[in-house]
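Here's the structure we're looking at; comments come further down.
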Amino acid sequence: MTTDIKAALRALHIETPSWAYGNSGTRFKVFAQRGVPRDPYEKLADAAQVHAHTGVAPTVALHIPWDKVADYGHLAAHARELGVGIGAINSNVFQDDAYMLGSVTNPDPAVRRKALAHLLECVDIMDATGSATLKLWFSDGTNYPGQDDIRARQDRLAEALAAVYARLGGDQRFLLEYKLFEPAFYTTDVPDWGTAYAHCLRLGPKAQVVVDTGHHAPGVNIEFIVAFLLREGKLGGFDFNSRFYADDDLMVGAADPFQLFRIMYEVARGGGLEAGVAFMLDQCHNIEPKIPGQIRSVMNVQEATAKALLVDRDALAAAQAGGDVLGANAVLMDAYNTDVRPLLAELRQETGLAPDPMAAYAKSGYFEKIAAERIGGTQAGWGA
Ligand code: LRH
Ligand code: MN
């Protein structure tokens, strides 16, 4: 049992987002922090620290144009030298003035063409970096009833998605991300898993859904969505974070570790650990140090996954089959209430890592080094 669990935990691959290493905030304030990267090369160096200390964060998601460089092949080579790879390419059709009334759903065909051109450029960047995954999130929506035709916007969205789908290479796929609201406050054109699923189903196997854990209405049972999409072969990935209220983008597992455990249990139960599901973090460390924030987040996913793998599946199946409600619930709670930190510390030592990545990073002196070196220049951020 432990051997299999350790093997599954060693195979866990958590992708960190380049933008988590830059400055971020809210509409009220973006607090700058010392040592923040000034360019994608420095972001990759910081991401490599997370992988160096956890052993399970070997790729970095890029966001275009926040990570725009002259030579994406050179950036990918730099990543390899650092011991990491380029993961999902994230499109950005939410920050250009032209997109005030939408990007691919905009009533103006010229704006739609502009947005599509950006999405296709992101596929070119996938080709240049060896990335196999395009992540599509659309801020598109309306703020007032009547502002635009809900059905016509779906037609425009479908047209753009079909054009991107046709451009994808053999081993490439796109992940369509949904979000209940914000920045739009009346309709959002991809508001929920059902809408994303329906568009992906219509397109084909290279189109899957990404579940951002901060993008649901309060009270939504996310692990049900996970179980359903996995059963359909349409769960492409996660944007992991946590929230107390809305799209807070806090550290995954920080606000609701039990929810993360329930999600990872459905992932393990549904074969999601072996199905090429992308486990990506999508977070903003507005007030806490960035690299330790990412290390802690990776550890939270590891802990939730270890607990999920500890569930006694046979005992659970027997209790469920026998209608033993409390017995079945107890099997799951026993796993959740198990302290898996010694198991993970042991696993890290067996793979030549320090048992406590947070302590190891703090002792490494890396922060002091970057805080001293990274003087001047423009710190990276959301570029808004
Ligand atoms: C939108 C989102 C999306 C990213 C952005 C950084 O809220 O979750 O995944 O493009 O955050
Ligand atoms: Mn996201």
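Some points to look at:
- Taking θ as phi - 60° and the Karplus parameters 6.51, -1.76 and 1.60, the scalar couplings of region 209-226 work out to 9, 10, 9, 8, 5, x, 10, 10, 5, x, x, 5, 7, 5, 5, 5, 4, 4 Hz in sequence order, x denoting glycine and proline.
- Loop sites by DSSP among the chymotrypsin sites (Phe, Trp or Tyr not before Pro) of the chain, restricted to those with at most 12 other Cβ atoms within 10 angstrom, leave 32-184 as the longest stretch without any of them.
- When only Cα pairs below 8 angstrom with a gap of at least 6 residues are kept, region 35-156 shows a relative contact order of 25 percent.
- Electrostatic tally near ARG296: other residues with Cβ closer than 14 Å to its Cβ, Lys and Arg +1, Asp and Glu -1, net -1.
- Those residues of region 226-267 whose amide nitrogen sits under 12 Å from the label point placed on GLU182, 7 Å along Cα→Cβ: 242-250
- Whole-Å distance, taken between Cα centres, linking region 60-93 and region 305-384: 26 Å
- Rounded to the nearest Hz, the phi-derived 3J(HN,Hα) couplings of region 247-263 under the Karplus curve 6.51 cos²θ - 1.76 cosθ + 1.60 (θ = phi - 60°) are 7, 6, 6, 7, 4, 4, x, 6, 7, 8, x, 5, 5, 4, 4, 4, 5, where x marks glycine and proline.
- Protection proxy ranking, peptides 251-257, 127-133, average beta carbon neighbours within 10 Å, highest first: 251-257, 127-133
- The accessible surface of the chain, taken with every protein chain in place and a 1.4 Å probe, is 56 percent carbon and sulfur.
- Simple point charges give the picture: +1 on the Cβ of Lys and Arg, -1 on the Cβ of Asp and Glu, and for the chain a dipole about the Cα centre of about 320 debye.
- For SER103, distant residues with modelled amide H under 5 Å away: ASP140
- Net charge of Cβ neighbours under 11 Å - reference ALA207; Lys, Arg +1; Asp, Glu -1: +4
- Cα centroid separation - region 118-176 against region 196-267, whole Å: 19 Å
- Computed lengthening from ASP97 to THR351, 0.36 nm per intervening residue step minus Cα-Cα distance: 86.6 nm
- Distance violations [Cα-Cα > 21 Å] among LYS135/LYS290; LYS135/LYS179; LYS29/LYS369; LYS206/LYS234: LYS135/LYS290; LYS29/LYS369
- Among residues other than PHE224 with Cβ under 10 Å from its Cβ, the summed charge is -1 (Lys and Arg +1, Asp and Glu -1).
- Probe 1.4 Å, accessible area per residue of region 286-384, Å²: 52 Å²
- Residue among LEU157, GLY141, GLY85 farthest towards the positive dipole end of the chain, charges placed on Cβ: GLY85
- Relative contact order %, the chain, counting alpha carbon pairs below 8 Å whose residues are six or more apart: 20 percent
- In the chain, the DSSP beta bridges split such that about 15 percent are antiparallel, to the nearest 5.
- Per-residue ellipticity at 222 nm from helix content only, as computed over the chain with -39500 (n - 2.57) for each DSSP H run of at least four residues, stands at -14500 deg cm²/dmol.
- GluC sites (Glu not before Pro) restricted to DSSP loop in region 250-329 with at most 16 other C-beta within 10 Å: GLU274
- Relative contact order %, region 254-384, counting alpha carbon pairs below 8 Å whose residues are six or more apart: 23 percent
- Computed from backbone phi with θ = phi - 60° and the Karplus coefficients 6.51, -1.76 and 1.60, the 3J(HN,Hα) list for region 270-284 is x, x, x, 7, 10, 10, x, 6, 7, 9, 10, 8, 9, 9, 10 Hz; x is used for glycine and proline.
- Restricting region 26-56 to trypsin sites (Lys or Arg not before Pro) in coil, as DSSP defines it, with at most 12 other Cβ within 10 Å: ARG27, LYS29
- Label point distance in nm, ASN221-ASP155, each placed 7 Å from Cα along Cα→Cβ: 3.8 nm
- Computed E for ASP314/ALA246 - FRET, C-beta separation, R0 41 angstrom, nearest 0.05: 0.55
The values are calculated or read from the model by the stated rules, or taken from the named source; none is laboratory data. Bear in mind the structure is a predicted one, so any value in this text is a computation, not a measurement. With ideal geometry, Cβ positions are generated from the backbone for all residues, glycine too; neighbour counts draw on all protein chains shown. Ligands, DNA and RNA are excluded from the accessible area calculation, which covers all protein heavy atoms including side chains. Shrake-Rupley method; radii C 1.70, N 1.55, O 1.52, S 1.80 Å.
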